[in-house]
Amino acid sequence: MFEIKPIEEQDFDEILALNESNVPHVNSIDRNELKSLGEQSSAFIKVVEAGQLAGLVIALAPGQAYQSMNYRWFSENFDQFLYIDRIMVSPNFRRRGVATLIYDELGQVCQQAGLQRLTCEVNIMPPNPGSLALHESIGFIQAGTQKTDGGKKEVSLLVKEAR
């Protein structure tokens, strides 16, 4: 049975390893960046099953000092949002409902914080078709695109109205 728990510093090594295994679909980060994200986040949570990390999400509300180009894009275009900086599911737990559980939890975070929408980006260069398909299937729509990393990447900027 899956449980949702806050991420703690003792989880960082495992989270950083999972993060690095998902590059380039997420950006590489180090321990200090992970800690800073946790301090700024509205959702810094993991999903575990029998003590094993099944997945995690880091999401930020508006008004944070976070310097991500994508976070800034949403900050410039929307007032009320919860920005999903990264969401990852461990390979052994994929296609078992972990992402759906995380998105349900994020919907509750939005409601509790009075935020109107969920936002995120998904790579279209290099392509991440599985993530795009998942986000489209749960109601995200493209609000724009932008090139990042000096033109090496292009992302689809996605929005879903919270209920």
Exercise. Put one equal scatterer on each alpha carbon of region 82-163, apply the Debye formula with no solvent term, and list log10 I(q)/I(0) at q = 0.20 1/Å to two decimals.
Key: -0.95
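Which value, in debye to the nearest 20, gives the size of the charge dipole of region 2-161 about its Cα centre, when Lys and Arg are +1 and Asp and Glu are -1 at the Cβ? The partial results should precede the final answer.
On the way: 14 positive and 21 negative charges, 83 e Å.
I would put it at about 400 debye.
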Quiz prompt | Residue-averaged [θ]222 nm for the chain, counting only DSSP H segments that reach four residues, each worth -39500 (n - 2.57) | solution = -10000 deg cm²/dmol
Quiz item: When we measure straight from the Cα of LYS46, which aspartates and glutamates land under 16 angstrom away, once same-chain ones fewer than 8 places off are left out?
Solution: GLU3, GLU8, GLU9, ASP11, ASP13, GLU14, ASP85, ASP104, GLU105
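Are there trypsin sites (Lys or Arg not before Pro) in region 1-83 that DSSP puts in a loop and that have at most 15 other Cβ atoms within 10 Å, and which ones? Kindly include the intermediate steps, with their values, before the conclusion.
On the way: sites: ARG31, LYS35, LYS46, ARG72; in loops: none.
Within region 1-83, no trypsin sites (Lys or Arg not before Pro) qualify (loop, at most 15 other Cβ atoms within 10 Å).
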Quiz item: What is the Rg over Rh value, at two decimals, for the chain, using alpha-carbon atoms and the Kirkwood definition of Rh?
Solution: 0.92
Quiz item: When only C-alpha pairs under 8 Å and at least 6 residues apart count, what is the relative contact order of the chain, in percent?
Solution: 18
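All of the numbers you see were taken from the coordinates with simple rules; none came from a lab. This structure is a prediction, so every number in the text was calculated from the model and none was measured. We place every Cβ from the backbone using ideal geometry, glycine too, and count neighbours over all the protein chains shown.
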